[in-house]
Amino acid sequence: MPTFHARVAGIYRATYQGCKEITFADNDTGEAVTRWVWKFQEVADPLSTGEIDKITGTSMQSPNSNAHKMAAGIVGRKLQPGDDTEQYIGQVYDVVYGPNQAGNLTITSVVKVAQGGAVTAVPAVTPEAPQTAPPELP
């Protein structure tokens, strides 16, 4: 019988795979809802168990929106008009995976790995280890 591997809070070294738009029917209203799915592949786990993603809204108007935070983390700086996160596909990031405001485990931030940074697995924080706040994005 296969063993289920639950992802725990921690920092994962991962490659950016891109952002895709999805549309689905809202459960309450039945109206079409559009979201973005930001995808990463853990360097230490090239299988499907190493896939990490985050679903966000599509608004980039507020620097506090999840989509804006993801894009700024991917480009590694304050967003400028014309920035395109798709040009960063294949680049390596430290993906911070932890509880969001609702307490659900998800990607809370991404930090671009500097060129020349060692591409090695960053061990996840174990549940017994003290949790620290994710780094602030620029």
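The values are calculated or read from the model by the stated rules, or taken from the named source; none is laboratory data. Small disclaimer: the values here were computed from a predicted structure and weren't measured. Note that we place each Cβ from the backbone using ideal geometry, even for glycine, and neighbour counts take in every protein chain shown.
Residue-level check: of (1) in contact with a strand residue (DSSP E or B) (Cβ under 6 Å, 6 or more places away or on another chain); (2) at pLDDT below 95; (3) within 12 Å of Met70 (Cα to Cα); (4) not polar (S, T, N, Q), Pro138 misses just (1). The set of residues in segment 47-92 being free of Cβ contacts under 8 Å to residues at least 24 places away in the same chain, closer than 22 Å to Ala9 by Cβ and touching a helix residue (DSSP H, G or I) at 6+ places or on another chain (Cβ under 6 Å) consists of Thr56 alone.
On the given criteria, is Thr85 at pLDDT 90 or above and of a type in the set (Val, Ile, Thr)?
yes
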